[in-house]
1. Is it the case that segment 121-138 has a residue that's surrounded by 13 or more Cβ atoms within 10 Å (Cβ to Cβ), part of a loop (DSSP other than H, G, I, E, B), modelled with pLDDT under 90 and in contact with a Pro (Cβ under 7 Å, 6 or more places away or on another chain)?
2. Mind listing whichever residues of segment 177-194 are assigned to a loop (DSSP other than H, G, I, E, B), touching a Gly at 6+ places or on another chain (Cβ under 7 Å) and either under 22 Å from THR247 (Cβ atoms) or among the hydroxyl-bearing types (Ser, Thr, Tyr) (or both)?
3. Is segment 78-92 home to any residue that is at pLDDT below 90, not assigned by TED's automatic domain parsing to the domain that holds PRO45 and not in a strand (DSSP E or B)?
4. For CYS281, only one of the following conditions fails: (1) surrounded by fewer than 20 Cβ atoms within 10 Å (Cβ to Cβ); (2) under 14 Å from TRP160 (Cα atoms). What is its number?
5. With the structure loaded, tell me whether ASN194 is buried (at least 21 other Cβ atoms within 10 Å of the Cβ) and over 17 Å from the mean Cα position of the chain (by Cα) or whether it fails that test.
6. I'd like to know if segment 156-166 contains one or more residues that are within 20 Å of TYR271 (Cα to Cα) and in contact with a helix residue (DSSP H, G or I) (Cβ under 8 Å, 6 or more places away or on another chain).
7. What strands (runs of 3 or more DSSP E) lie completely within segment 227-332 and have 3 or more residues being at pLDDT 90 or above?
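The values are calculated or read from the model by the stated rules, or taken from the named source; none is laboratory data. Fair warning: this is a prediction, and the values are worked out from it, not measured in the lab. Neighbour counts are summed over all protein chains in view; Cβ atoms, including those assigned to glycine, are modelled from backbone coordinates with ideal geometry.
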Amino acid sequence: MKSLVLLFLGLCLAFVAGCGGDDDGGVTPVPSKPVVTAVAAASHPSLTSPDGAVWTGITPVAVEVTATSFVGKQVVRSTAATADSLMVQAAVYNDSLYVRIVWEDATHDVFPDRWALTEFQILGDDTLAIFLRDTIASKEDQVLLMFENTADTSWDVWCWRSVTTDGVWRAEGATFAEGELTLDAGSNFAVMENYFAGTPVYIHEDSSEFTGYLLHYPEDTRDFNILVRSIRTWEVGDLIPGWYMDTLWSLGPTTATARGSLLDTRAVSSYSGGMYTLVLCRALNTGFADDLVLTSGATINMRLALTNNLDFRFDAGSSNQGFTEAFDLKIP
């Protein structure tokens, strides 16, 4: 009888031990933090295309979109209005960091704050045109690449927008701290709002035939008043871009000092088949006080954020914006 009891107890202990091994003692394993390891590239990653041979040899890392508002705010799972994840790669070449980001977006939103012709009246040889600023569902797609600065709990941010920075192949530098995104110092008159006193400033030289989303000043723009003499070619519903690119900017503040830390991040992107591909590039050490210095061997806590046809909000969630889980970026 004593032998049977001992045998029974032994079987019970074996069963408990076996169960404990299956579920790690009842403790749910903590998911591992994604790690993006920047590769020391042997050649220059292209800044005229977001694709190239450099990237084919670097394994992309998936970073999940986990919330619609920022850390410390209300956390709500993102809906299908934004991508569920982004694929990230990184490379270092000639003392600059290159980050390549790929994500899904069903719509290419590149028409922020456009003008829509809602009414016009022909009065003899002159014409009265009435334009309505279309601000409903009329923003642009945006991405934030965020580097945590552990020295003061702020974040160094590279801000990319599909028109108002991408139009001049740049991203804007900024700092996120205490719930506010503040742009870095520097000159920024490359892309300007096509607005003055309730009307557009410029139309395209092709008048209503132009269907692009960004005017180029001065070579293909005309004063808005010319519209009065060409209104007969326009129809209700025709659009005028809400922004124009000053191409003379390329002849102006081209030095790092003039651009400042505001425009010291270069960018190139493409949109095809419902997918964005974006490459951002900035020097590891720009020399500007409001830019985080990225040192060799460092591991940096990172986040990404994206919007779908929306400006960012940090005080509330939205199904059209998403923030990713934290991930590490390792600098070689």
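1. Yes, the conditions are met somewhere in segment 121-138.
2. Step one: of segment 177-194, the residues assigned to a loop (DSSP other than H, G, I, E, B) are 178-179, 184-190, 194.
Subset that is touching a Gly at 6+ places or on another chain (Cβ under 7 Å): 184-187, 194.
Within segment 177-194, GLY186, SER187, ASN194 meet the criteria.
3. no
4. (1)
5. For ASN194, the condition - buried (at least 21 other Cβ atoms within 10 Å of the Cβ) and over 17 Å from the mean Cα position of the chain (by Cα) - is met.
6. Among the residues of segment 156-166, at least one is within 20 Å of TYR271 (Cα to Cα) and in contact with a helix residue (DSSP H, G or I) (Cβ under 8 Å, 6 or more places away or on another chain), which makes the answer yes.
7. Details: elements: 243-246, 265-272, 275-283, 299-307, 321-324, 327-330.
Counting at least 3 such residues, we get 265-272, 275-283, 299-307, 327-330.
Here's the yes/no breakdown for (1) among the aliphatic types (A, V, I, L, M); (2) within 16 Å of ARG313 (Cα to Cα); (3) outside the structural domain of MET87 (by TED's automatic domain parsing); (4) out of contact with any Leu (no Cβ under 6 Å at 6 or more places or on another chain):
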| residue | (1), (2), (3), (4) |
| --- | --- |
| ASN149 | no, no, no, no |
| THR153 | no, no, no, yes |
| ASP156 | no, no, no, no |
| SER162 | no, no, no, yes |
| TRP169 | no, no, no, yes |
| PHE176 | no, yes, no, yes |
